[in-house]
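Student: Attaching a single structure in structure tokens format; questions to follow.
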Amino acid sequence: MTEHRFGGDWTRDKLDRFGNYLAPFTTALKNTGFELIYMDAFAGSGEITLASDAAEQDIELFQDEVSAGDDLTEGSVVRALRTDPPFARYYFIEKDRHRASALQRIVQSYPHLSTTILIEDANVAIPRLCEEINWRTSRAVLFLDPYGMQMNWSTIEAVAKTGKIDTWLLLPYASAINRMLRRDGKLPESWEAKLNTFFGTDEWKNRCYRSSPQFELDFVDESPEVQKMWNLEDILSFCIVRLDSVFEYVYPEPKVLRTKDGHELFALCFACGNKAGARVAKKIVDHIMRMG
Ligand SMILES: C[S@@+](CC[C@H](N)C(=O)[O-])C[C@H]1O[C@@H](n2cnc3c(N)ncnc32)[C@H](O)[C@@H]1O
């Protein structure tokens, strides 16, 4: 079995919204002379099986997939390869060898397109591509679609620094970050390190936690040392503030993706590095984010 299993309706929603950006992007920039590049940093295997609702409840903090499901859909790679007008170059990054092989088989059906599959860590490959590509003559769309906390802030910084990449990213603010920010503030060291790498700062600690006032000295042993101040909305706001600190434009109302029974999981965000392109991008993204 080569296809990839995860998600449910929210996965389809995510892919539909993201996919709907591609043709308007290549159409808008078709006659500008720029080389148009597509980059998929957590590319997957090309096709995915959508998980059942039961599996949606069970997302682990760092896992790459969820078992169970029966509904096959095209992943981001296939949607990108089918974009009309096409991109001039496609980069697919997938660190899992088996998924990369499945991807290779799919890509072979598009011999007329210029495609490169990189089997490596996206946090290494994306900053390198950002360095190598000539951004004076190129523009790109990037999809950062990790399942959990696999994205490093240094990758986001490298992308934003080019000033030329329209970036869609999936933020696991509820499915992972909120669960890592334990109520008692007693985070394992590895989680603290992961959050620092993800946010590119340790500011989250001071903002999310406050020392508890100890009113009852008798019960001092029972009172928690810190109080968690952040709710889901605060976590998402902090993520947007961080993106705003490096990108030219960040769409202010990311699409919240939920389970069928309404539990928040991820936010689909859009950030734009290009001042000149931000106005057109905003128009397209506005339409996409508001789609029913
Ligand atoms: C949610 S899936 C991507 C789904 C894909 N966008 C699609 O629509 O089919 C995340 C993928 O990222 C891969 N992955 C996880 N960590 C990675 C890393 N550090 N670098 C590259 N790929 C990674 C996993 O193997 C997995 O296939």
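Student: Spin-label point model (7 Å from Cα, Cβ direction): what's the Leu113 to Ser154 distance in nm?
Tutor: Result: 3.1 nm between the two label points.
Student: First measure r as the distance between the Cβ atoms of Lys283 and Asp234, then evaluate 1/(1 + (r/R0)^6) with R0 = 35 Å and state the FRET efficiency to the nearest 0.05.
Tutor: Numbers: r = 29 Å, r/R0 = 0.84.
My answer for the efficiency is 0.75.
Student: To the nearest 20 debye, what is the magnitude of the charge dipole of the chain about its Cα centre, counting +1 on the Cβ of each Lys and Arg and -1 on the Cβ of each Asp and Glu?
Tutor: Working: 35 positive and 44 negative charges, 298 e Å.
Here the size comes out at about 1440 debye.
Student: Per DSSP H run of at least 4 residues, take -39500 (n - 2.57); add these up for the chain, divide by its residues and hand me the 222 nm value, nearest 500 deg cm²/dmol. Present the calculation step by step, with values, prior to reporting the outcome.
Tutor: Working: 10 runs with 105 residues, N = 292.
After summing the helix terms and dividing by residue count, I get -10500 deg cm²/dmol.
Student: Would you mind ranking Arg82, Arg136 by Cβ crowding within 10 Å, fewest neighbours first? The partial results should precede the final answer.
Tutor: Details: Arg82 13, Arg136 7.
Fewest-to-most Cβ neighbours within 10 Å comes out as Arg136, Arg82.
Student: Using the alpha-carbon atoms, what tilt in degrees (0 to 90, nearest 10) does helix 189-199 show relative to the longest principal axis of the chain?
Tutor: On a 0 to 90 degree scale, this one is about 50.
Student: Ranked by Cβ crowding within 10 angstrom, fewest neighbours first, how are Asp261, Asp286, Asp166, Asp96 ordered?
Tutor: Numbers: Asp261 8, Asp286 12, Asp166 26, Asp96 17.
Lowest count first: Asp261, Asp286, Asp96, Asp166.
Student: Using only the Cα atoms of the chain, what do you get for the radius of gyration and for Dmax, in Å?
Tutor: When restricted to the Cα atoms of the chain, Rg and Dmax are 19.9, 75 Å.
Student: Right, next: Can you list the lysines whose alpha carbon sits under 17 Å from that of Lys275, skipping same-chain ones fewer than 8 residues off?
Tutor: Candidates past the 8-residue exclusion: Lys161, Lys164, Lys283.
Student: Provide the gained length on full extension for the span Lys186 to Asp9, in nm with one decimal, where the gain is 0.36 nm per separating residue minus the Cα-Cα distance.
Tutor: Details: separation 177, 0.36 × 177 = 63.72 nm, distance 3.38 nm.
Additional length available on full extension: 60.3 nm.
Student: Given Ala102, Leu113, Ser190, which one lies farthest toward the positive end of the charge dipole of the chain, if we put +1 on the Cβ of every Lys and Arg and -1 on the Cβ of every Asp and Glu?
Tutor: Result: Leu113.
Student: Also, quick follow-up: How about Lys186: which lysines have a C-alpha closer than 19 Å to its C-alpha, ignoring those fewer than 8 places off in the same chain?
Tutor: Within the straight-line limit of under 19 Å, Lys186 reaches these lysines: Lys194, Lys205, Lys228.
Values in this text are rule-based calculations from the coordinates and carry no lab data. Here the structure is a predicted model, which means the values were calculated and not measured. In this analysis, Cβ positions are derived from the backbone assuming ideal geometry, glycine residues included, and neighbour counts consider all displayed protein chains.
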